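Have a look at the structure below before the remarks.
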Amino acid sequence: MQKPIDLFFKLLEFLVVACLVAMVIMVFGNVVLRYVFNSGITISEEMSRYCFIWLTYIGAMVAMREGGHLGVDTLVIRLPLLGKKVCLFLSESLMLFCNGLFLLGTYKMHELQVTNVSPVVGISMIWVYGIGYVVAVVMGIFNISKLYRLFTGQLAEADMVQIVEAEGLKEAQQAISQGAKP
């Protein structure tokens, strides 16, 4: 089961890179065309905006899997085990609720977005905002999985603190505590 999940997230990471590359090419190409040739490609502005929307949502899914979302662990790390469990339960439950609202909102806006056509490209806007379905379901599955592991006792105490430290942070803190410059 882990192999298909890994492949799915490799695909998502590829899509993030593809969206970023497409945005850079479209925006930079349009700038060059405007300043050098006094023309431009109208479609590139709209498509780069749509790539940015997809990049943001797909990146949020990847960051959730890696535990890279922002959080404050100053209090949680000092709590006893029960306090960490309560905080994790509240956190995951609230995120699951928000993902449910996001899914419901995308569903309620579906009919409008299907009939709404983008002004330049001419595609149905559900191709842009339909990513809400995928994001809400994938992130909701992660929330449910974490809650299941919490209730079945499969989470270690260290896994209840949801912050992933920045790369090189421990080394910098050790260097500072030893009086050296980081």
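Values computed for the structure shown
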| read-out | value |
| --- | --- |
| Selection within region 31-48 - modelled with pLDDT under 90 and of a type outside the set (A, V, I, L, M, F, W, C) | ARG34, TYR35, ASN38, SER39, GLY40, THR42, SER44, GLU45, GLU46 |
| GLN2 being within 30 Å of LEU155 (Cα to Cα) and without any contact (Cβ under 8 Å) to a residue 60 or more places away in the chain | yes |
| Subset tally (residues that are surrounded by fewer than 12 Cβ atoms within 10 Å (Cβ to Cβ), more than 18 Å from LEU55 (Cβ to Cβ) and among the aliphatic types (A, V, I, L, M)) for region 21-42 | 2 |
| From LEU103, LEU15, LEU88, residue being free of Cβ contacts under 8 Å to residues at least 40 places away in the same chain, surrounded by 13 or more Cβ atoms within 10 Å (Cβ to Cβ), in contact with a helix residue (DSSP H, G or I) (Cβ under 7 Å, 6 or more places away or on another chain) and on the phi < 0 side of the Ramachandran plot | LEU103 |
| Selection count where residues are in a helix (DSSP H, G or I) and either small (Gly, Ala, Ser) or without any contact (Cβ under 8 Å) to a residue 24 or more places away in the chain (or both), scope region 53-85 | 7 |
| Condition met for LYS108 (part of a helix (DSSP H, G or I), modelled with pLDDT under 90 and basic (Lys, Arg)) | no |
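The values are calculated or read from the model by the stated rules, or taken from the named source; none is laboratory data. Here the structure is a predicted model, which means the values were calculated and not measured. Neighbour counts run over all protein chains shown; Cβ positions are idealised from the backbone, glycine included.
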